[in-house]
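The block underneath contains the structure these notes are about, expressed in structure tokens.
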Amino acid sequence: MDLRRLRILRELADRGSVGATAEAMNITPSAVSQQLKVLQDEVSVVLVRREGRGVKLTEAGLAMAAAGAEVSTAMERAQATVDFYRKGWQTQIRAAFFPSSAEMFLPGLLHRIKEIPGLQFDAFHEDPMVSGFVPLTADYDFVVAHGSPGADVFSQPGVVVVPLLKEPLDVAMPTTHPLAGKAGLTPEDVVDYTWIGVPEGFPFDSILAQVEARTGRRVTRSQRYPDLRVMEALVSAGHGLAFLPRYTALGSGGRGYVLRPLEGVSASRSIVALARPDIAERTTIQQVLGLLKRVAQNVADDVEMVES
């Protein structure tokens, strides 16, 4: 059954005459009559009968016209759905966050995502080495990653890098430590102390390597542990110094340690969002990444306000 013929029947039911139907559909009256005759032959039911100089739909014709209206509605709904997804809209997003990025960004992001009606946002925990973040884009719509010193560590074909935040990495030490009285530190100040490190390949390890290169001396690492909260606890207990991200660690004030900036080396991490190029072009993904950038900026602004 041809959908166009059903539409002609529906228009005839609504408009009452062949002439008005032909004008509405931009075809000739004879074409209207011809298509109605073909439709009648297809269904083997009389749909239209002559009445005076015009035509009138039979009971079957009226029922078929109503069914045609339902079909047209369903087709328009299907077309709207196609257009929705063709423009890059989607109703569910899967994103991966490493732990401290989830702590910083997720509360604010989830509030803002409520601005997007019908969107289900699912956040997942991932905390690989730097080289492990890009492969995760095969499993998620986007991945929040961090690396030292800059975002270029993630630049490669097949991935879009969206900068979110550059976070200083400060030296954490107990409040009673001999270096706690200094406003700023140098590699020479810290190289001979014991350090709580992170596994090789994690961002913070590259800063200790810079300290070693600047001083020509090896750093003693007592532990290699990737969890920031555990590192904070070990620092507070006096087991060594550690690099901690400033914006994240400031939220743990009063846990028995202080932060001091390290001069003379590149002591920061870049936090970025990674996505495959085709995924990054989707309208919904761009909208959510825009919200995420706003949340990241708010984090930096709030810290600057506290520090000033």
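Read-outs: derived from the displayed coordinates by stated rules, not from any lab. Given the structure is predicted, the values throughout are model-derived calculations rather than measurements. Ideal geometry is used to build each Cβ from the backbone, glycine not excepted, and the neighbour counts take in all protein chains shown.
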### Message
Rounded to whole Å, give me the distance from the Cα center of segment 237-293 to that of segment 146-196.
### Response
10
### Message
On the principal axes of its Cα set, how long, how wide and how thick is segment 3-86? Give whole Å, largest value first.
### Response
49, 25, 19
### Task
Could you tell me which label, among (1) 1.02; (2) 0.92; (3) 1.36, carries the value of Rg/Rh (Cα atoms, Kirkwood Rh) calculated for this structure?
(3)
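Taking the Cβ-Cβ separation of Val38 and Thr283 as r and a Förster radius of 51 Å, what is the calculated FRET efficiency to the nearest 0.05?
Numbers: r = 42 Å, r/R0 = 0.82.
Efficiency computed from Cβ-Cβ geometry: 0.75.
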### Task
Sticking with the crude label model, points 7 Å out along Cα→Cβ, report the distance from Lys182 to Gln297 in nm, one decimal please.
3.6
### Query
Once the Cβ-Cβ distance between Lys114 and Ala74 is put in as r, and R0 is 25 Å, what FRET efficiency do you end up with, to the nearest 0.05?
0.20
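Using only Cα atoms, figure out Rg for segment 1-42 and give it as a multiple of 2.2 N^0.38 Å.
Details: Rg = 9.1 Å, N = 42, 2.2 N^0.38 = 9.1 Å.
Relative to the rule-of-thumb radius for its length, segment 1-42 sits at 1.00.
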### Reciprocal mean inverse distance between Cα atoms of segment 39-154 - Kirkwood radius, Å
19.5
### Task
With a cut-off of 11 Å, note down the residues of segment 47-78 whose backbone N falls inside the zone around a label point 7 Å from the Cα of Ile27 toward its beta carbon.
none
### Query
If you average the sequence gap of Cα pairs under 8 Å that are 6 or more apart and divide by the length of the chain, what percent do you get for the contact order?
21
